[in-house]
Amino acid sequence: MRFSQITGHTDIVEKLREMVDNDRMPNTLLFSEQPGCGALALALATISYMFCKERTAGDSCGHCPQCSKTDKLVHPDIHFTFPINTSTVVGKDKRAEIEAFYPLWREIAISNPYFTEQQLYKKFGIENKFGNISVNEANGIIRKLSLSSYEGGYKVMLILFAERMNQEAANKLLKSLEEPNEGTYYFLISQNPDRIIPTILSRCMIIEVPPVEQKLLQEKIGKDFGIGEEDAVIWAKYAAGSYGKALELIEAENSGNEYFNTFVSLLSLSIKKDMAELLDLGGTIAGWGREEQKEFCLRALETLRKIHAMSIGVEQIAYSPASEAGKLKKLSGYLNKDIYVKGYEYLNDALVCIERNVNPKFIFCDLCNRFYYKA
């Protein structure tokens, strides 16, 4: 990954470049972002620039041996840690060591450095659970960074979704973060830094990665997907500056968007007062993995927002592609106006319950029941 491949964030790129050029890179750097805004891409480009021996025009060259290894994520002095759990594809009988996930990690990070946490879990075969960074991974970090550099230069540890460190792991890393060995650098990426313990945050230089400017995102979407200007504008607005979200939305649209269709069915059955079918649908959702259930609720919130916008005559902020707009416009004519406020409440309550590991049958039976009476 090189700086030239990053869309937007020119001020952050310049700041990172200057820190490397002037040998002022902090030992612990935390990139904070909303999902898909480019923190991982910025971190990988910075690491590549640090290791490159033939930097050209303020960027890594892309062809020296160091760049070749960093681009393939196989440099022996660059290490990666991310949330894991028991997997259906890796170490099926018990939780595998993190090294077993590296081939899958390389595949997704190289093909799409804007991936979401759910996409990572799906790739790893752990989508039915939340991943976490345990004390075992923390011990591995300390062990790897205690060794001498293989190539006599920097040593880097990139910790993805650092908020998934449990308390024991976070405490284990404190001293290493506070007093890293010379030439050792930590790159932390978080989409929810409030969940990282304050003692770790206090040791980090924090870089806030904002959403990508809409015009730039629109151009990139149009170029990458061969989409016409009108649809590119809709997707760019809908994604709210997140290239990762734009990718996910477009892929979901192309694949039929199961979450969208399921929520539309939930609303339709609620309007028709078909409780039997509605509860069957709730049972289907309850059988999904937890991350899928979370994603369903998040997509449902966004769909409800679109319908609300249409119901009050401001379709221009619904940001709905043509394939969705007809269905949503029709629903907006039948739904009780109270459902918009109450529906947000119901879906957010469901998200809280999913995070707390409440039985999903209870969560989605209750959700369907609530929509039945309010729609």
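Taken over region 177-207, the residue count meeting the criterion of being touching a strand residue (DSSP E or B) at 6+ places or on another chain (Cβ under 8 Å), at pLDDT below 90 and either among the charged types (D, E, K, R) or assigned to a helix (DSSP H, G or I) (or both) is 1. The residue that is nearest to the chain's Cα centre (by Cα), counting only those in region 310-327 that are outside any loop (DSSP other than H, G, I, E, B) and over 19 Å from LEU266 (Cα atoms), is ILE317.
Let's see how each residue does on (1) in a helix (DSSP H, G or I); (2) hydroxyl-bearing (Ser, Thr, Tyr); (3) under 22 Å from the mean Cα position of the chain (by Cα):
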{"position": "TRP235", "(1), (2), (3)": "yes, no, yes"}
{"position": "TYR238", "(1), (2), (3)": "yes, yes, yes"}
{"position": "GLY241", "(1), (2), (3)": "no, no, yes"}
{"position": "LEU249", "(1), (2), (3)": "yes, no, yes"}
{"position": "PHE260", "(1), (2), (3)": "yes, no, yes"}
{"position": "SER265", "(1), (2), (3)": "yes, yes, no"}
{"position": "LEU278", "(1), (2), (3)": "yes, no, no"}
{"position": "GLY282", "(1), (2), (3)": "yes, no, no"}
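Within region 1-53, the set of residues being free of Cβ contacts under 8 Å to residues at least 24 places away in the same chain, under 17 Å from PRO210 (Cα atoms) and of a type outside the set (S, T, N, Q) comprises ASP11, GLU14. Would you check if ILE227 is in a helix (DSSP H, G or I), modelled with pLDDT under 90, touching a Phe, Trp or Tyr at 6+ places or on another chain (Cβ under 8 Å) and not assigned by TED's automatic domain parsing to the domain that holds VAL20? So ILE227 does not fit the description; no.
So how many residues does region 70-98 have that are of a type in the set (D, E, K, R), surrounded by fewer than 13 Cβ atoms within 10 Å (Cβ to Cβ) and either at pLDDT below 90 or assigned to a strand (DSSP E or B) (or both)? Lay out the reasoning, then the answer.
Within region 70-98, the subset of a type in the set (D, E, K, R) is 71-72, 77, 92-95, 97.
Within this subset, residues satisfying the condition of being surrounded by fewer than 13 Cβ atoms within 10 Å (Cβ to Cβ) are 72, 92-94.
Still in the running and either at pLDDT below 90 or assigned to a strand (DSSP E or B) (or both): 92-94.
Summing the residues that are of a type in the set (D, E, K, R), surrounded by fewer than 13 Cβ atoms within 10 Å (Cβ to Cβ) and either at pLDDT below 90 or assigned to a strand (DSSP E or B) (or both) in region 70-98 gives 3.
Restricting region 328-352 to residues that are buried (at least 19 other Cβ atoms within 10 Å of the Cβ) and of a type in the set (A, V, I, L, M, F, W, C) leaves a set whose member that is farthest from the chain's Cα centre (by Cα) is LEU335. Take the conditions aromatic (Phe, Trp, Tyr) and free of Cβ contacts under 8 Å to residues at least 60 places away in the same chain and apply them to PHE80. Does it pass? Taking the combined requirement at face value, the residue does not satisfy it.
Among the residues making up region 1-14, those that are over 15 Å from ILE47 (Cβ atoms) and not polar (S, T, N, Q) are GLY8, HIS9, ASP11, GLU14.
The values are calculated or read from the model by the stated rules, or taken from the named source; none is laboratory data. Everything quoted here is computed from the prediction, not taken from an experiment. Note that we place each Cβ from the backbone using ideal geometry, even for glycine, and neighbour counts take in every protein chain shown.
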